[in-house]
1. Return the average number of partner chain Cβ atoms within 10 angstrom of each residue Cβ along peptide B:223-233.
2. All other residues with a Cβ under 14 Å from the Cβ of A:P106 taken together, and with Lys, Arg as +1 and Asp, Glu as -1, what is their net charge?
3. Name the residues whose placed amide hydrogens come within less than 5 Å of the amide hydrogen of A:R164, ignoring near sequence neighbours (fewer than 5 apart) on the same chain.
4. Can you list the copy-to-copy distances for B:K149, using a point 7 angstrom from Cα toward Cβ, in nanometres, shortest first?
5. Starting from the Cα of A:M1, step 7 Å along the direction of its Cβ; do the same at A:Q251; then give the gap between the two resulting points in nm.
6. Antiparallel DSSP bridges in segment A:2-169: what percent, to the nearest 5?
7. Within segment B:155-235, count lysine pairs with alpha carbon atoms under 23 angstrom apart where the residues are 8 or more positions apart or belong to different chains.
8. Averaged over B:256-262, how many beta carbons belonging to a partner chain fall within 10 Å of each residue's beta carbon?
Protein chains: 2
Amino acid sequence: MKVYVIGIGLIGGSMVLDIKGRYPDATILGIDNNEKHLQEAIDLGVIDEAGSFEDLQKADFVIVSVPVDVALTVLPKVLDAVGDKTIVFEVGSTKKPICDVVANHPKRRNFIATHPIAGTEFSGPSAAIRGLFQGKTNIICEVEKTAFKLQEKALNLFTSIGMRIRYMDPVSHDKHIAYVSHLSHISSFMLGKTVMVKEKDEQDIFDMAGSGFESTVRLAKSSPAMWTPIFKQNKEYVLETLEGYIANLTQFRDLLADDNYNAIFEEMESVNKIREILNGITIKK
Amino acid sequence: MKVYVIGIGLIGGSMVLDIKGRYPDATILGIDNNEKHLQEAIDLGVIDEAGSFEDLQKADFVIVSVPVDVALTVLPKVLDAVGDKTIVFEVGSTKKPICDVVANHPKRRNFIATHPIAGTEFSGPSAAIRGLFQGKTNIICEVEKTAFKLQEKALNLFTSIGMRIRYMDPVSHDKHIAYVSHLSHISSFMLGKTVMVKEKDEQDIFDMAGSGFESTVRLAKSSPAMWTPIFKQNKEYVLETLEGYIANLTQFRDLLADDNYNAIFEEMESVNKIREILNGITIKK
């Protein structure tokens, strides 16, 4: 079995680590524009060797795990190069633009659109970790556009590394993921900014920061190269979530300015229901 | 050694668990308006027995760990009741109103104002855990107003359970803690609200939520009874942080609406510096 990973970072790297763990005979070949990352991935044992686009003809699986703007140009080239039995999948955080760019490709049926909901705030080959996908959700879009036998091949691979499968259309995916993922990243980045700008001359102040602060700003460590194109491609829904968030914060601000503490209490109490929802997420981990 | 804890929840409960671990001969007495919590604390072994205000005369330590609005009325009564050698401390998240309410109390020198920066999103006696304060910061305000011998007694206790001590005036404490703690709670609560309101009819959507979402909304599980009076007492600084946060989010929204992706990239890159700050926090844990 030959598995190619294009873009060897957190997601692609972790995925091939698990595939190799599950299929020890698989050969893992890596392609990356960044020569340093390629060498690092070999040194860390994330991939077996460097591959090239010319070899993709012989690939069983091709994982495209590059920033979503790069995916728009790389993906059609990958499909141009692959063989009839190759299944290609992309793992980015937007699905509509990705599905659109390959919609009329002659090898569309060799492609399956996925979004494994897993990750950390780190990036690059050294961020690759084993077991990242265990119990996590993989959202698959437009499954009916993938050749039946290749669907089966891909699903077997995903479930073999512990993923649960959910099907969704790309527009619904992009809309909802804006709420449960993209907005969290903006809230973290801007929280980090608010505190850093205010406290820039007083580094000692961070001695006062505890685990609560850390938890809410953790995502502010995320890669701008990965996230800028996500916000660009999902602009419409990200703006919608962000405006909703700003409106809620502004309303909270007004309640506080007006000393309406009963309403503040009720607001918080009603959001407390999120405990059950978060328990669900914790179980999935 | 007799240690009284008034309000047996996450902070007070965890503190007496560690004190008992460090001083096995200590008797831990609990006082709580909530009879169920009192019994639960005994059953869980968090306290040895129930105490009463009349006994405080004989206390070595009194920990006041109640919501900060309750502290304003309880603290003077506690000081009225304690003996000359008793040291009383309060552990809430605001310091100026607390210091003010006891400023002219005849037993002011029996009081030390503290804020142990530690906690989880849970509350009540069952939330009490061992080792919560290990390596954490305890901010002490107006230390000079506490009797020298009692300062020493309190500091020995705090360091014996692993805390680092920092001194700060109450106004600076309240101002900075608004940025590194209070704002994080509002950002979490409003993020939770934004997603729940939007997705209320689509519980399946939370299948799409990953560890990033969980991390940013974790604090939305926090107790409204504890947090409403904190926001009330620290209204001025909380409003300042919240307005700064809303302004930063609005600016980000405008950059996105204007397709200014270079600026968005730069914003995120500049906030990435928070990595080093967060590393500092992680080490403290």
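1. If you average over the peptide's residues, the count of other-chain Cβ atoms is 4.
2. Details: positive: A:K77, A:K107, A:R108, A:R109, A:K145; negative: A:D80, A:D84.
Value of the local net charge: +3.
3. Those lying under 5 Å, H to H, from A:R164 are A:G135, A:K136, A:T137, A:N138.
4. 9.0
5. Inter-label distance under the simple model: 4.9 nm.
6. Values: 4 of 27 bridges.
Among the beta bridges of segment A:2-169, antiparallel pairing accounts for roughly 15 percent.
7. Counting lysine pairs in segment B:155-235 gives 9.
8. Values: counts 8, 4, 0, 2, 0, 7, 1.
The per-residue average across the peptide is 3.
The values are calculated or read from the model by the stated rules, or taken from the named source; none is laboratory data. Bear in mind that the values here come from a model prediction, so they are computed numbers and not experimental data. With ideal geometry, Cβ positions are generated from the backbone for all residues, glycine too; neighbour counts draw on all protein chains shown. For accessibility, only protein heavy atoms count, side chains too; no ligands or nucleic acids. Shrake-Rupley method; radii C 1.70, N 1.55, O 1.52, S 1.80 Å.
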